[in-house]
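Engineer: Quick one: the structure is below, and I'll ask about it shortly.
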Amino acid sequence: MFKGRHFEPSVIVLCVRWYLAYGLSLRDLREMMAERGISIDHSTIHRWVVHFSPLLLERFNRRKRAVTGKWHIDETYIRVRGQWMYLYRAIDSVGDTVEFHFSEHRDLPAAKAFFRKALERHDRPDRVVIDGSQTNRAAVVSCDAIHRLQDRSRRRLKPIQVRQSQYLNNRIEQDHRRIKRRVRPMLGFKSLATASVVLSGIELVHMMRKRQARFALNPSPSIAEQFTILAA
């Protein structure tokens, strides 16, 4: 993972972890590393975050435990180039993150892309809770029908129950706040691609805090220990 890098892997992992986990700017990190006698440009740290976040998330997902059969689905707003874009998210009945998907648009194709992604990674849920959005409801119903038609297990799959209620979705709206809390000090992203990658890293840390991955030798590792294991 670190082949060809001029800095020690421990320095790279530390910078990536601190940036994704805490309300620090790239220049804050540059000054903090300078106090430790390490000279790093803030743009270098940014490149590390963009490069290593997807790799760490991929390794985390291999260890990610199963989610429950009840999902809460909603989207929240993220500013990119001065415009609002949309982060689709789902959590299960115990608050664990199911899946997320960043989109430039808030429409039926985006909602379908998100739900297909969730179905591909996890088993079918029994029930989905959404707010009053008819677009999200249409996406769930459409993807569910296609998924049942393509199933070759010869099981008799029941349609996913869709529950629409603004008040029953308070759980995921509260979960959005932890993501928004980290995004706020960044003062907006410059591109859709960068936003998508950095948000995946923030979601990674959020799942680490929830202890959603299995680690055989340490059942309850800290975030620092999880980063070290994934980067090894």
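Engineer: Report, by residue number, each residue of the stretch 183-193 that is over 14 Å from the mean Cα position of the chain (by Cα), surrounded by 13 or more Cβ atoms within 10 Å (Cβ to Cβ) and assigned to a helix (DSSP H, G or I).
Structural biologist: 186, 192
Engineer: Out of 73, 40, 78, which single residue is among the aliphatic types (A, V, I, L, M), touching a helix residue (DSSP H, G or I) at 6+ places or on another chain (Cβ under 8 Å) and assigned to a loop (DSSP other than H, G, I, E, B)?
Structural biologist: 40
Engineer: Taking residue 19 as meeting all but one of (1) assigned to a helix (DSSP H, G or I); (2) among the hydroxyl-bearing types (Ser, Thr, Tyr); (3) more than 22 Å from residue 221 (Cα to Cα), write down the number of the exception.
Structural biologist: Residue 19 satisfies all of (1) assigned to a helix (DSSP H, G or I); (2) among the hydroxyl-bearing types (Ser, Thr, Tyr); (3) more than 22 Å from residue 221 (Cα to Cα) except (3).
Engineer: Check 163, 106 and return the single one that is outside any helix (DSSP H, G or I), in contact with a Phe, Trp or Tyr (Cβ under 9 Å, 6 or more places away or on another chain), open to solvent by 50 Å² or more (accessible area, probe 1.4 Å) and of a type in the set (Lys, Arg).
Structural biologist: When all the criteria are applied, what remains is 106.
Engineer: Could you tell me whether residue 171 is charged (D, E, K, R), within 16 Å of residue 72 (Cα to Cα), open to solvent by 60 Å² or more (accessible area, probe 1.4 Å) and assigned to a strand (DSSP E or B)?
Structural biologist: no
Engineer: Taking only the stretch 71-88 into account, find how many residues are surrounded by fewer than 17 Cβ atoms within 10 Å (Cβ to Cβ), out of contact with any Leu (no Cβ under 9 Å at 6 or more places or on another chain) and not hydrophobic (A, V, I, L, M, F, W, C).
Structural biologist: 2
The values are calculated or read from the model by the stated rules, or taken from the named source; none is laboratory data. Predicted model, so just to flag it, every value in this text is computed and none were measured. Cβ: placed from backbone, ideal geometry, glycine included. Neighbour counts: every protein chain shown. All accessible areas refer to the heavy atoms of the entire protein, side chains included, with ligands and DNA or RNA removed. Shrake-Rupley method; radii C 1.70, N 1.55, O 1.52, S 1.80 Å.
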